[in-house]
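Report on the following structure.
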Amino acid sequence: MDWPESPFALPDHASGSETMADAAREIVAAGRRMDRLGFLPATAGNLSRRLSSDRFAITRSGGHKGFLTEADVIEVGLDGQAVRAGDRPSAETLLHCQIYEHEPEAQAILHGHSLAATVLSRFVRDTIVLEGYEVQKVFAGQTTHTAAIRVPVFDNDQDIPRLARNVAPLLNDMPAGYVIRGHGVYVWGPNMKSAMARMEGLEFLLACTLHERSLAR
Ligand SMILES: CSC[C@@H](O)[C@@H](O)C(=O)COP(=O)(O)O
Ligand SMILES: [Zn+2]
């Protein structure tokens with residue numbers, strides 16, 4: 001399956017009863033689109049789709065996420081363990097577990113390494129404020145460009161359980177997902193197309209903010 005001309009033409013699978021085959025097709029298509037948009041250099045990024053209340057589908061660790069096949073998507077439990085022995089899920093699976101556990105409405109999670117997120121996050125303390133842009137309205141509950149949307153920035157950490165512990169206290173208040181410093185973004189949504197809209201919106205706004213800062217120097 002290729003991503004349709006418009007991601008908004010994707011079906012709205014909002015329930016938690018996605019089949020593994022459908023989830024894998026969505027993940028492959030989303031990976032291709034994120035790659036086309038420049039969010040998945042080398043082997044960066046990971047993508048997942050909830051299957052049920054206690055299982056989700058996620059990309060295998062390693063490999064280029066823009067060239068996924070359905071065999072590159074595997075099933076894991078909410079504890080992050082692969083259902084099939086020998087399958088090696090993403091090194092950042094625990095961050096997906098955390099979001100699915102904390103956000104019952106999350107059905108799809110996308111992680112990318114864009115240039116804008118990677119660079120901008122190295123020049124802020126703990127928050128990127130998005131303000132003054134029409135595209136802010138892509139985020140749930142946002143109705144005006146005049147609002148200030150706060151995107152938390154967490155220090156990068158190769159110890160993923162420790163990184164997850166740092167993310168935890170702020171998970172309740174993340175209208176636009178979060179950023180890991182010098183690394184990339186995590187976004188989620190009630191279906192794959194909403195997660196992708198959030199990804200594109202956040203990345204566009206991070207790129208705008210980075211450009212704005214460069215012009216102001
Ligand atoms: C190019 S290294 C990137 C990885 O360290 C990691 O951050 C990443 O996004 C992909 O890891 P993966 O284990 O393939 O899901
Ligand atoms: Zn990463």
- Task: May I ask you to list the residues in region 14-70 that are of a type outside the set (S, T, Y), within 16 Å of ligand 2 (Cβ to nearest atom) and farther than 22 Å from F204 by Cα?
- Result: I58, R60, G62, G63, H64, L68
- Message: Looking at L170, L202, can you tell me which residue is touching a residue at least 12 places away in the same chain (Cβ under 8 Å), of a type in the set (A, V, I, L, M, F, W, C) and open to solvent by 50 Å² or more (accessible area, probe 1.4 Å)?
- Response: L170
- Query: Restricting the search to region 93-132, which residues are over 18 Å from I27 (Cα atoms) and β-branched (V, I, T)?
  - Reply: T118, V119, V124, T127, I128, V129
- Task: Name, by its number, the condition in (1) within 16 Å of ligand 2 (Cβ to nearest atom); (2) open to solvent by 60 Å² or more (accessible area, probe 1.4 Å); (3) among the hydroxyl-bearing types (S, T, Y) that does not hold for T143.
- Result: (1)
- Out of S61, S48, which single residue is hydroxyl-bearing (S, T, Y), open to solvent by 10 Å² or more (accessible area, probe 1.4 Å) and within 13 Å of ligand 1 (Cβ to nearest atom)? S61
- Message: Can you find, within region 176-199, the residue that is nearest to ligand 2 (Cβ to nearest atom) among those that are open to solvent by 10 Å² or more (accessible area, probe 1.4 Å) and in contact with a helix residue (DSSP H, G or I) (Cβ under 7 Å, 6 or more places away or on another chain)?
- Response: H183
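Please state which one of E75, E26, E92 is farther than 23 Å from Y178 by Cβ and modelled with pLDDT of 95 or more.
Values: E26 fails: farther than 23 Å from Y178 by Cβ; E92 fails: farther than 23 Å from Y178 by Cβ.
Answer to the check: E75.
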- Item | Out of G112, G132, G77, sole residue that is buried (at least 21 other Cβ atoms within 10 Å of the Cβ) and either away from ligand 1 (no atom under 16 Å from the Cβ) or closer than 24 Å to N46 by Cβ (or both) | G112
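Please determine, by comparing only the residues of region 13-23 that are part of a loop (DSSP other than H, G, I, E, B) and at pLDDT 55 or above, which one is least open to solvent (accessible area, probe 1.4 Å). Can you show your working first?
Of all residues in region 13-23, those part of a loop (DSSP other than H, G, I, E, B) come to 13-19.
Filter once more, so that each one left must be at pLDDT 55 or above: 17-19.
Working: S17: 88, E18: 18, T19: 71 Å².
The residue in question is E18.
The values are calculated or read from the model by the stated rules, or taken from the named source; none is laboratory data. Keep in mind that this is a model prediction, so the values were computed, not measured. Neighbour counts run over all protein chains shown; Cβ positions are idealised from the backbone, glycine included. These area figures cover heavy atoms from the full protein model, side chains too; ligands, DNA and RNA do not enter into them. Shrake-Rupley method; radii C 1.70, N 1.55, O 1.52, S 1.80 Å.
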